[in-house]
Amino acid sequence: MKILSAVLIALIIGYCLGSVNFSIVVVKLMTGQDIREMGSKNAGLTNTFRCAGKTCALLTLAGDVLKGILSVGVSTMIASALNAGFSPDNDVMYIGYISAISAVMGHIFPVYYNFRGGKGVLTAATAFAMIDIKIFLAIFAVFVVILALSKYVSLASIFSASLCPIAVFMMSFIVDDVSLGKSILYTILSLVIAVTVVWKHKANIERLIAGNENKFSFKGGKLSKK
């Protein structure tokens, strides 16, 4: 019963916080426009930077990082208080993954904005930073390398998401010496996040194949097709 209660609380907290899309909020307040009708029409950090500039992007970054931290942090604290973790040390890491899944789903399908949101990359990354900083650093390193080599944020996001379950298993089972059962559970939960993020990039994949995907530029405020 304790575990079920903790899972339900994590799902609710994650989804409600994840549904607060700061890209939509910030761009609307700062420019009066809907980011979902601008540029790539994605309510995310990259499109905000390209279309609305650095200030809007920084505010979006801060907001999305905060909601990822709160989603995982609050959910795991409540689960720990309920003693809903795995014995013998009341391990509630699984709640972090469940909250992360729910937050990403909320970001992608926000109840406050007619279920039209972003792709969940930043929310997922922040959640992983809260769950295990080693996993975050590993996938962030992949993201930076791919972005530096290709200049495609979408490609870097897809590669990072795809490698995430592998990083989770290696960090859990090999580095942290977590039991095989729990390591597999964490890997499966992270796989849900990875598949969701990659699926949300299907239009980017089509543009990458066609050769007309936008490359990243530090010149925010307008679309860059360099």
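The values are calculated or read from the model by the stated rules, or taken from the named source; none is laboratory data. Please read these numbers as outputs of a predicted model, since none were measured by experiment. Positions of Cβ are generated from backbone atoms using ideal geometry, with glycine treated the same way; all protein chains shown enter the neighbour counts. All accessible areas refer to the heavy atoms of the entire protein, side chains included, with ligands and DNA or RNA removed. Shrake-Rupley method; radii C 1.70, N 1.55, O 1.52, S 1.80 Å.
Below are the figures for this structure:
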| read-out | value |
| --- | --- |
| Failed criterion for Val178 (all others in (1) open to solvent by 60 Å² or more (accessible area, probe 1.4 Å); (2) over 17 Å from Val197 (Cα atoms); (3) not small (Gly, Ala, Ser) hold) | (1) |
| Met130, sole failed condition from (1) farther than 21 Å from Leu8 by Cα; (2) open to solvent by 30 Å² or more (accessible area, probe 1.4 Å); (3) part of a helix (DSSP H, G or I); (4) of a type outside the set (Val, Ile, Thr) | (1) |
| Any hit, the stretch 72-86, residues being in contact with a Leu (Cβ under 8 Å, 6 or more places away or on another chain), crowded, with 21+ Cβ neighbours inside 10 Å and touching a residue at least 40 places away in the same chain (Cβ under 8 Å) | no |
| Residue match in the stretch 155-174 (condition: of a type outside the set (A, V, I, L, M), part of a loop (DSSP other than H, G, I, E, B) and out of contact with any strand residue (DSSP E or B) (no Cβ under 7 Å at 6 or more places or on another chain)) | no |
| Given (1) more than 13 Å from Val7 (Cα to Cα); (2) among the hydrophobic types (A, V, I, L, M, F, W, C); (3) surrounded by 24 or more Cβ atoms within 10 Å (Cβ to Cβ), index of the condition Phe115 fails | (3) |
| Single unsatisfied condition, Leu155 versus (1) in contact with an Asp or Glu (Cβ under 9 Å, 6 or more places away or on another chain); (2) open to solvent by less than 40 Å² (accessible area, probe 1.4 Å); (3) in contact (Cβ under 8 Å) with a residue 24 or more places away in the chain | (2) |
| Residue count for the stretch 161-219, restricted to those that are touching a Cys at 6+ places or on another chain (Cβ under 8 Å) and farther than 18 Å from Ser102 by Cα | 0 |
| Filter result (more than 13 Å from the chain's Cα centre (by Cα), more than 14 Å from Tyr152 (Cα to Cα) and polar (S, T, N, Q)) within the stretch 187-207 | Thr187 |
| Positions within the stretch 135-152 being crowded, with 17+ Cβ neighbours inside 10 Å and more than 17 Å from Val192 (Cβ to Cβ), in sequence order | Phe136, Ala138, Val142, Phe143, Ile146, Leu147, Tyr152 |
| In the stretch 147-186, the residues that are over 15 Å from the mean Cα position of the chain (by Cα), closer than 24 Å to Gly211 by Cβ and among the hydroxyl-bearing types (Ser, Thr, Tyr) | Ser150, Tyr152 |
| Unique match (being in contact (Cβ under 8 Å) with a residue 60 or more places away in the chain, within 15 Å of Asp132 (Cα to Cα) and within 16 Å of the chain's Cα centre (by Cα)) among Gly106, Gly118, Gly68 | Gly68 |
| Answer residue from the stretch 19-43, given it is closer than 21 Å to Ser71 by Cβ and without any contact (Cβ under 8 Å) to a residue 60 or more places away in the chain and is least open to solvent (accessible area, probe 1.4 Å) among those | Val26 |
